[in-house]
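Novice: Just dropping this structure here.
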Amino acid sequence: MAGEVRYRGKTYTDRELDEVRDLIAGNPGASRWFLSKELCRRWNWVQANGALRDMLCRGLLLALHREGLVTLPPLKQAPTSHLRGRRIPLEYAVDTSPIAGSVAGVKPVTIVMVRRTPHEHLYKSLVRRYHYLGYVQPVGEHLEYIAFSEGRPIACIGFCSAPRHIGARDRRLGWNKEERLANLHKIAVNTRFLILPWVRVPHVASYLLGQMARRISPDWERLYSQSDRLAGDLRRS
């Protein structure tokens, strides 16, 4: 079958599709989980820290399956209630009494990186409840933060790895295709920026963004072992 398929900005040829079909045919009875990880190894799809880009690969396989270009094995089991709970975080009781005044009045502000910590569930709950876009589980590399004042949450801030194509961004940076592919891993996108509704403090948003501009690069490097410094894209979301 002649032709090409595009997924998330990349073109896949018939040769690559045949590799996927050969992988599936050569592993009868294998799970989708196994096929995704094995394809990552064959194509050397890895993050900067060496972890497999499994979620990206799973998305590609599912897209090809839905288009009828490959046939994936049946799901081994339906998603469990535990996994469904990750998509709809539990709501946490928090003090919503008003916080007003000046930035100086809420200092010191402690910004906690909650990724892979017990605070991660609180972050998800607050964003789901109070952000107009709600909470969506990020795909790929991401960091999530809660800003606290006197132990009370005042803001939630989330970042994820950059989408492959954003026309306005690429034109602003003056990137051609080769430069974009070489430098995309240096960009992080601010996917959620939420000042909680009980906070009425002028200029607190600017203060927090300034703090995050200094914080995001070393945190990202520490968690994901990036060798290049990260340039945070601090557009509000």
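What follows draws every value from the coordinates through simple rules; no lab data is involved. Everything quoted here is computed from the prediction, not taken from an experiment. All Cβ positions, even for glycine, are placed from backbone atoms using ideal geometry, and neighbour counts span all protein chains on display.
Novice: Quickly rank 156-164, 14-22 as a protection proxy: mean count of other C-beta atoms within 10 Å, highest first.
Specialist: 156-164, 14-22
Novice: When the dipole is taken about the Cα centre of segment 4-66, and only Lys, Arg (+1) and Asp, Glu (-1) are charged at their Cβ, what size is it in debye, to the nearest 20?
Specialist: The dipole of segment 4-66 has a size of about 280 debye.
Novice: If the reach is capped at under 26 angstrom between alpha carbons, list the lysines near Lys37, excluding any in the same chain fewer than eight residues apart.
Specialist: The reachable lysines, counting only those whose Cα sits under 26 Å from Lys37, are Lys10, Lys76, Lys186.
Novice: Which residues' amide hydrogens lie under 5 Å from the amide hydrogen of Val46, considering only partners 5 or more residues apart or on another chain, with H built in the peptide plane?
Specialist: Those lying under 5 Å, H to H, from Val46 are Arg53.
Novice: Over the alpha-carbon set of segment 89-138, divide Rg by the Kirkwood Rh and report the Rg/Rh ratio to two decimals.
Specialist: A ratio of 1.02.
Novice: Among DSSP beta bridges whose residues both lie in segment 85-233, state the antiparallel percentage, nearest 5. Mind dumping the intermediate values first?
Specialist: Details: 20 of 25 bridges.
Close to 80 percent.
Novice: Can you work out ³J(HN,Hα) from phi for every residue in segment 120-125, in order, using Karplus 6.51 cos²θ - 1.76 cosθ + 1.60 and θ = phi - 60°, giving whole Hz and x for Gly and Pro?
Specialist: 4, 5, 5, 4, 4, 5
Novice: Now for a separate question. With each pseudo-label sitting 7 Å past Cα toward Cβ, what's the Ala100-Ser206 distance in nm, one decimal?
Specialist: Going from the Ala100 label point to the Ser206 one covers 2.2 nm.
Novice: Let's test the formula: R0 of 30 Å, r as the Cβ-Cβ distance of Glu38 and Ala182. What FRET efficiency results, to the nearest 0.05?
Specialist: It comes out at approximately 0.65.
Novice: Listing Met212, Met55 from the residue with the fewest other Cβ atoms within 10 Å to the one with the most, what is the order? Working shown, then result.
Specialist: On the way: Met212 22, Met55 13.
Fewest to most other Cβ atoms nearby, the residues stand as Met55, Met212.
Novice: Still on this structure, I have one more. Hey, how many Å between the Cα centroid of segment 180-202 and the Cα centroid of segment 99-114?
Specialist: 18 Å
Novice: Give me a comma-separated list of calculated 3J(HN,Hα) values for segment 52-69, in order, Karplus coefficients 6.51, -1.76, 1.60 applied at θ = phi - 60°, integers in Hz, x for any Gly or Pro.
Specialist: Listing the rounded values in order: 5, 7, 5, 5, 4, 5, 4, x, 4, 4, 5, 5, 5, 5, 5, 7, x, 8 Hz.
Novice: Now for a different question. Provide the per-residue ³J(HN,Hα) series for segment 157-166, in order, calculated from phi with Karplus coefficients 6.51, -1.76, 1.60 and θ = phi - 60°, each as a whole number of Hz, with x at glycine and proline positions.
Specialist: These are the phi-based 3J(HN,Hα) values: 9, x, 10, 9, 4, 6, x, 5, 10, 9 Hz.
Novice: Mind sorting Lys124, Lys37 by how few other Cβ atoms lie within 10 Å of their own Cβ, fewest first?
Specialist: Lys37, Lys124
Novice: Under 28 Å from the Cα of Lys107, which lysines turn up, not counting those fewer than eight places away in the same chain?
Specialist: Partners within reach: Lys124.
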